[in-house]
Amino acid sequence: MKQTCSQRFRWLHSLQFKYLVTLFVIVFVACAITYMIMFMSIWGQVRHAAEEQLQSITDFLTSVMERSDMPVNEVIDLLRPKVDSIGLAKTEEALPAGFRLDMPLEPNQTRLIRLESNGLAGVFRTADGYIWLSAKSDSMHTRWTHLLVLQTLIICAGIASAGAFFAIRHSTRPLRELDAAIRHVARGDFGVRVDYRGRDEMGVVVQNFNWMVGELRNIEYLRKDFVSSVSHEFKTPVSAIRGSVKLLTATPFEKLDETKFRKYVGLITDETERMSSLSSNLLRLSRLENQSAAENIINFSLDEQLRRCILLLEGQWSTKSVELDIRLDRIDYRGDVELLQQLWLNLLSNAIKFTDPGGNIGIELRSIPEDGVRVEIIDDGVGMSPETQKRIFEKFYQGDNSHAREGNGLGLSIVRRIVELHTGTIVYKSELGQGTICTVTLPGNL
């Protein structure tokens, strides 16, 4: 019932309803204006014709009375079959109610008292009194009708056409603005915006267009930032490799001791590995962003996977003498095993990297009846500022400059995309100097 009411209410704001109302208003206004114009222009012509007809009747009365000695009553009886009603009043006060005069009449003077669409009523003063009469006029009715129909059609057509032209021009103005805006976007101008506040179909289209342009503007900004960041990330190791190679080639071999040689070769090796890692992460992130869902779905033991990831990183946490508090429920899960392993390796590696030597890291896996499974990785490391927490998933963003050389800022972008592909959520809670809690929630099964 609510949906039906909502649909009806939405229809009231639709272009179809607006066009129907506009057409009705145009026709109504056209008819009203036509009636007023018709009344002012035709009334005078019809009144003049009625006065001529009345004058012809009175001329006939006068000629009959002058050429013959017929009494007035007999002349009236002679005309009675030709008119609706006719009579003689001796005085002005004796005239019927519908024939009262507003001004006195002179002898042999005629006055049109009432004009109707199919006839007339008038008074003629004679020496014997006032002759009043009402008569139909087929010619007057026909003329009135023809003029009315013809002028109504012409004026209505003109007014309706003009009204429809301006109404359509006004209603299509957003379309013209939208067309111009699309051309701007096609030329790469993403700052354009169409201003339309209607709630009809056009309003929805304009709103979606403005949203699309905003997204394109953000994508363009991210693209430029991405290109700039990638260029910078590759430029740094390339510069280091070039510098090391120049020093090696500029130094005579006999003067190059083993320590310097190993130093420069080690630097070249490290920077090459860094570039290789960056390339691999870029390719991995690109592939993940082009996926719409996790693909290689299988059943596996999630707690065993986490244990394997911890063992794979043993060299990192044992070197820093980090204590691990591991609490893993036995959980069989269905998901992309390779992507989830990459997820845990990245998160655990980050926790180890930002934990001071001798620190503690807690790893907890438990089943949540409402949400599925939840993994929490808790460290007592350096923590993060609010600004870093807001931007932590941005590509190439590294909040802590002291560890900037240890990564390329793509790890958490990959992590977030893996979580999204599994329709899960990832949340960081942290304070500077108080450590960090990373919570990953995944649905029961894909």
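The values are calculated or read from the model by the stated rules, or taken from the named source; none is laboratory data. All of these numbers come straight from a predicted model, not from anything done at the bench. Please note: Cβ atoms are built from the backbone with ideal geometry, for glycine as well, and neighbour counts cover all protein chains shown.
For the stretch 46-65, indicate whether the set of residues that are more than 11 Å from Y130 (Cα to Cα), without any contact (Cβ under 8 Å) to a residue 12 or more places away in the chain, of a type in the set (K, R) and in a helix (DSSP H, G or I) is non-empty.
No, because not a single residue in the stretch 46-65 is more than 11 Å from Y130 (Cα to Cα), without any contact (Cβ under 8 Å) to a residue 12 or more places away in the chain, of a type in the set (K, R) and in a helix (DSSP H, G or I).
Which residue, of L15, L23, is at pLDDT below 70 and of a type outside the set (D, E)?
None of the others qualify; the one that does is L15.
Output the residue which, of all residues in the stretch 277-314 that are out of contact with any helix residue (DSSP H, G or I) (no Cβ under 8 Å at 6 or more places or on another chain), at pLDDT below 90 and not polar (S, T, N, Q), is nearest to R416 (Cα to Cα).
R287
Checking L150 against (1) within 60 Å of the chain's Cα centre (by Cα); (2) aliphatic (A, V, I, L, M); (3) at pLDDT 70 or above: exactly one of these is not met. Which one?
Every listed condition holds for L150 apart from (3).
Could you list all residues from the stretch 363-384 that are within 37 Å of the chain's Cα centre (by Cα) and modelled with pLDDT under 85?
Across the stretch 363-384, the qualifying residues are E370, D371.
Do the conditions hold for L88, that is, is it in the same structural domain as T126 (by TED's automatic domain parsing), touching a residue at least 40 places away in the same chain (Cβ under 8 Å) and not β-branched (V, I, T)?
Considered against the rule, which asks whether it is in the same structural domain as T126 (by TED's automatic domain parsing), touching a residue at least 40 places away in the same chain (Cβ under 8 Å) and not β-branched (V, I, T), L88 comes out as yes.
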